[in-house]
1. At 0.36 nm per residue, and after removing the present C-alpha to C-alpha distance, how many nm does the segment from Glu88 to Glu52 gain when stretched out fully?
2. Under the rule of -39500 (n - 2.57) per DSSP H run of 4 or more residues, summed and divided by the residues of the chain, what mean residue ellipticity at 222 nm is obtained, to the nearest 500 deg cm²/dmol?
3. Could you derive backbone 3J(HN,Hα) for region 90-103 from the dihedral phi with the Karplus parameters 6.51, -1.76 and 1.60 (θ = phi - 60°), listing whole Hz in sequence and x where the residue is Gly or Pro?
4. Using a 10 Å Cβ count of at most 15 others and DSSP loop calls, identify the longest part of the chain lacking such GluC sites (Glu not before Pro).
5. Report the Rg/Rh value for the chain, based on alpha-carbon coordinates and the Kirkwood definition of Rh.
6. Could you give the nm distance between label points at Arg182 and Glu154, where each point is 7 Å from its Cα heading toward the beta carbon?
7. Under the Karplus relation 6.51 cos²θ - 1.76 cosθ + 1.60, θ = phi - 60°, what is the ordered set of whole-Hz ³J(HN,Hα) values for region 67-81, x standing for Gly and Pro?
8. From Cα pairs below 8 angstrom and at least 6 apart in sequence, can you work out the relative contact order of the chain, rounded to a whole percent?
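Readers should treat all values here as calculations from the given coordinates under stated rules, not as data from a laboratory. Keep in mind that what you see is a predicted model, and the values were worked out from it rather than measured. No Cβ is skipped: glycine too gets one built from the backbone with ideal geometry, and neighbour counts run over all protein chains shown.
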Amino acid sequence: MIPGDERMVGMSAPFGLQPTVEIVQAGDPVLRASAPAWDPSARREDLDALVELMRSTMLAAPGVGLAAPQIGLSLRLAVLQDLWPIDEETAAAKEREPLEFMVAVDPSYIPVGGRTATHFEGCLSVRGYTASVERPADILASWSDLDGVRHERELHGWQARIFQHETDHLNGTLYVDKAATRSLCTEQNYSRFWSYEPASTVREGLGY
Ligand code: ZN
């Protein structure tokens, strides 16, 4: 997932020399499959290597999350990290708090409360586009770490959005499935026409 936000600064990944793999693009069936149940017998050293590769691929993209199907592997595994510097105004508007690197094995979520938030988001597997998606703003996230220990944590705002986006990938769902289709923009046109406009203007202008 990429934030679709040209106001991010420090875009160049600091890990440019790390190995990366190609990110699968929409239309590949691996992105539409529900990943099978997690195999707890997977070798730890293989998982560590895979996680490192996913992390460097995510950072180089650059993105704030990457799910295993996005590199062609139908596994219930995702990595998340959102430590990119952004301006305060954008952070406040999106409730965007820094998210330390996390590995989510077999993640799931349930909405908490009834609050929703609507923001433009993008996806490294739908390169070049962004669209507006309404999502629960507060969730109870659960996942396992690589040691098989289950975790639960309430996530809010942009952190909750990233977690939902990546978990959805493991169930064959892309953000465009949940987006207001009339809001679909190329990233260039989003920057050119809408990124500095209030949400109501964008909604009216695009008619969604
Ligand atoms: Zn994505």
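1. 10.0 nm
2. Roughly -7000 deg cm²/dmol at 222 nm, from the helical runs in the chain.
3. 5, 4, 5, 4, 9, 6, 9, 9, x, 10, 5, 4, 9, 9
4. Longest gap between qualifying sites, sites excluded: 23-208.
5. My calculation puts Rg/Rh at 0.95.
6. Going by the 7 Å Cα→Cβ label model, 3.5 nm.
7. Result, ordered by residue: 9, 3, x, 6, 10, x, 10, 7, 10, 7, 8, 9, 10, 9, 6 Hz.
8. Rounded, it is 23 percent for the chain.
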